[in-house]
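Student: Quick one: the structure is below, questions incoming.
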Amino acid sequence: MRIEIITSLNSGSKETGFGSHLACVNVVESMERMGHMATLSICTSLNDLDNVSKRKPDLVVLAEKYMPVEGGNDIWFSEYFSRKKITFSGSSRETLKYDSDKVSAKLHLRHAGINTAKYFTAIPGQFHSENDLPFLYPLFLKPTDAANGNGIDDFSFVQNFGDFEAKVLSLYNLYRLPILVEEYLGGREFTVAIIETDTGRMITSAVEIIPPESTEGLRILGAEVKKLDTESLKIIEENDIKNIVNLAIEAFISLGVRGFGRIDVKMDDNGKCYFMEANLVPGMNLGTSYFPQACKIANGMSYDKVISLMLEECLSRVIPKSMLANSQSIENRSLQMH
Ligand SMILES: Nc1ncnc2c1ncn2[C@@H]1O[C@H](COP(=O)(O)OP(=O)(O)O)[C@@H](O)[C@H]1O
Ligand SMILES: [Mg+2]
């Protein structure tokens, strides 16, 4: 198969994606080992995308959700390739919004009866005193639309109105969007890598993530921890795994995720599980990303095995060119007959 891996290499992005150039190269090399003709296409303009579609690859693997356009609207790769009728990996534009906008994912799942932390949103000056807050401390403040721990640190954990106002202001100055304020979940943290095969079978790999304890005595997976790689990943004991995996699968299905995704789950102090967020273009760095690491720790899968399973569902949607030629000649014949 001729496969192009599409990225804008927008490394400053606060959004999820396979990761740096190196992570994309890891994916390309793995596909080459499987005998595919895989290339990395760095697309930074509509013209670059048009050139990809002119080459008519059998499949495009989207390493990012969209390409930022200066002074214009972002171009969402899934939308673009869907219009060009080129088979692409991962979820549709409609589902990817749940990855970019945590509030929309939480709203959707709450309606579906799936546990997610209580929340409200806030902009600076919206609440005049703690009596105005919909519920009280401890609270956890984070950006609505960021990933990779961006904007998240010990100041996200809030126990008084002064700290609440300060974190709302600092996040708002950075992200210019209402801030997501959640009830603080004080329990353990997990991530579940899910791969759906062409037959609809879900392969789940769940691990516990243990961030290092901060000087404030907190264990938060913020940007600094992720950058320094100081968290540890651990296999989950038998009696906990069912609730965690079931919640992740329910969220995966309810959000309409296609092919693969990573669902973050957190427990409260009583061990009850909550959906935290969906990562639908998960990091794919061979050595450090949670998705391949979870597959290895939970199911002993090699990196190549993970990539081949992710490709399986995509390739089942690729209509072989021979069949396409066939159906076109049938169409032409029936046109001629009328
Ligand atoms: N409601 C919460 N209570 C406690 N900790 C939280 C809560 N929400 C997020 N966190 C902590 O912040 C980290 C990042 O949050 P998350 O929503 O997964 O954002 P990101 O997209 O940056 O990964 C989590 O991995 C967890 O450690
Ligand atoms: Mg997360």
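The values are calculated or read from the model by the stated rules, or taken from the named source; none is laboratory data. No experiment lies behind these values; they were computed from the predicted model shown. Cβ sites come from the backbone with ideal geometry, for glycine too, and all protein chains shown count toward neighbours.
Student: Does Ile236 count as more than 16 Å from ligand 2 (Cβ to nearest atom) and either assigned to a loop (DSSP other than H, G, I, E, B) or at pLDDT 95 or above (or both)? Write out each step before concluding.
Tutor: Numbers: more than 16 Å from ligand 2 (Cβ to nearest atom): yes; either assigned to a loop (DSSP other than H, G, I, E, B) or at pLDDT 95 or above (or both): yes.
Against the criterion (more than 16 Å from ligand 2 (Cβ to nearest atom) and either assigned to a loop (DSSP other than H, G, I, E, B) or at pLDDT 95 or above (or both)), Ile236 qualifies.
Student: Right, next: Return yes when Phe127 is surrounded by 16 or more Cβ atoms within 10 Å (Cβ to Cβ), in contact with a helix residue (DSSP H, G or I) (Cβ under 9 Å, 6 or more places away or on another chain) and in contact (Cβ under 8 Å) with a residue 40 or more places away in the chain and no when it is not.
Tutor: Details: surrounded by 16 or more Cβ atoms within 10 Å (Cβ to Cβ): yes; in contact with a helix residue (DSSP H, G or I) (Cβ under 9 Å, 6 or more places away or on another chain): yes; in contact (Cβ under 8 Å) with a residue 40 or more places away in the chain: no.
Considered against the rule, which asks whether it is surrounded by 16 or more Cβ atoms within 10 Å (Cβ to Cβ), in contact with a helix residue (DSSP H, G or I) (Cβ under 9 Å, 6 or more places away or on another chain) and in contact (Cβ under 8 Å) with a residue 40 or more places away in the chain, Phe127 comes out as no.
Student: If you check Glu208, Glu213, Glu277, which single one turns out to be modelled with pLDDT of 95 or more and under 17 Å from Ala112 (Cβ atoms)? Give the derivation first.
Tutor: Details: Glu208 fails: under 17 Å from Ala112 (Cβ atoms); Glu213 fails: under 17 Å from Ala112 (Cβ atoms).
After applying the criteria, what remains is Glu277.
Student: Met202 is checked against (1) away from ligand 2 (no atom under 16 Å from the Cβ); (2) assigned by TED's automatic domain parsing to the domain that holds Gly256; (3) touching a Ser or Thr at 6+ places or on another chain (Cβ under 8 Å) and fails just one. What number does that condition carry?
Tutor: Here Met202 clears every test but (3).
Student: What residue, among those in segment 151-165 that are within 28 Å of the chain's Cα centre (by Cα) and assigned to a helix (DSSP H, G or I), is nearest to ligand 2 (Cβ to nearest atom)? Break it down into steps so the answer makes sense when it comes.
Tutor: Keep residues of segment 151-165 that are within 28 Å of the chain's Cα centre (by Cα), which gives 151-158, 164.
Add one more test, that the residue is assigned to a helix (DSSP H, G or I), and what stays is 154-156, 164.
Working: Asp154: 17, Phe155: 17, Ser156: 12, Phe164: 22 Å.
Among residues in segment 151-165 that are within 28 Å of the chain's Cα centre (by Cα) and assigned to a helix (DSSP H, G or I), the one nearest to ligand 2 (Cβ to nearest atom) is Ser156.
Student: Any chance you could count how many residues in segment 109-124 are small (Gly, Ala, Ser) and either assigned to a helix (DSSP H, G or I) or crowded, with 16+ Cβ neighbours inside 10 Å (or both)? Give the derivation first.
Tutor: Step one: list which residues in segment 109-124 are small (Gly, Ala, Ser), which gives 112-113, 117, 122.
Next, from what is left, pick out any that are either assigned to a helix (DSSP H, G or I) or crowded, with 16+ Cβ neighbours inside 10 Å (or both): 117, 122.
Of the residues in that region, 2 qualify.
Student: Something else: Which condition number in (1) in contact with an Asp or Glu (Cβ under 7 Å, 6 or more places away or on another chain); (2) part of a loop (DSSP other than H, G, I, E, B); (3) in the same structural domain as Leu280 (by TED's automatic domain parsing) is the one that Thr144 fails?
Tutor: Of (1) in contact with an Asp or Glu (Cβ under 7 Å, 6 or more places away or on another chain); (2) part of a loop (DSSP other than H, G, I, E, B); (3) in the same structural domain as Leu280 (by TED's automatic domain parsing), only one is false for Thr144: (3).
Student: Got at least one residue in segment 67-76 being in the same structural domain as Leu46 (by TED's automatic domain parsing) and modelled with pLDDT of 95 or more?
Tutor: Within segment 67-76, the first condition is being in the same structural domain as Leu46 (by TED's automatic domain parsing), and the residues that meet it are 67-76.
Within this subset, residues satisfying the condition of being modelled with pLDDT of 95 or more are 75-76.
Checked segment 67-76: at least one residue is in the same structural domain as Leu46 (by TED's automatic domain parsing) and modelled with pLDDT of 95 or more.
Student: Within the group Lys65, Lys97, Lys106, which residue is among the charged types (D, E, K, R) and surrounded by fewer than 19 Cβ atoms within 10 Å (Cβ to Cβ)?
Tutor: Values: Lys65 fails: surrounded by fewer than 19 Cβ atoms within 10 Å (Cβ to Cβ); Lys106 fails: surrounded by fewer than 19 Cβ atoms within 10 Å (Cβ to Cβ).
Step by step, each of Lys65, Lys97, Lys106 is checked, and only Lys97 is among the charged types (D, E, K, R) and surrounded by fewer than 19 Cβ atoms within 10 Å (Cβ to Cβ).
Student: Consider segment 234-254. How many of its residues are in contact with a strand residue (DSSP E or B) (Cβ under 8 Å, 6 or more places away or on another chain), in contact (Cβ under 8 Å) with a residue 60 or more places away in the chain and surrounded by 16 or more Cβ atoms within 10 Å (Cβ to Cβ)?
Tutor: 3
Student: Same structure again: Given the conditions (1) in a loop (DSSP other than H, G, I, E, B); (2) of a type outside the set (S, T, N, Q); (3) under 28 Å from Leu233 (Cβ atoms), report the number of the one that Asp198 does not fulfil.
Tutor: For Asp198, the exception is condition (3).
Student: To continue, here is another question. How about segment 248-281: which of its residues are in a loop (DSSP other than H, G, I, E, B) and within 11 Å of ligand 1 (Cβ to nearest atom)? Outline the logic, then answer.
Tutor: Residues of segment 248-281 in a loop (DSSP other than H, G, I, E, B): 255-259, 268-272, 280-281.
Result: Asp268, Asp269.
Student: Scan the helices (runs of 4 or more DSSP H) fully inside segment 25-103 and keep the ones with 1 or more residues being closer than 20 Å to Ser289 by Cβ. Break it down stepwise before answering.
Tutor: Details: elements: 46-55, 77-83, 93-100.
Fully inside segment 25-103 and qualifying: 77-83, 93-100.
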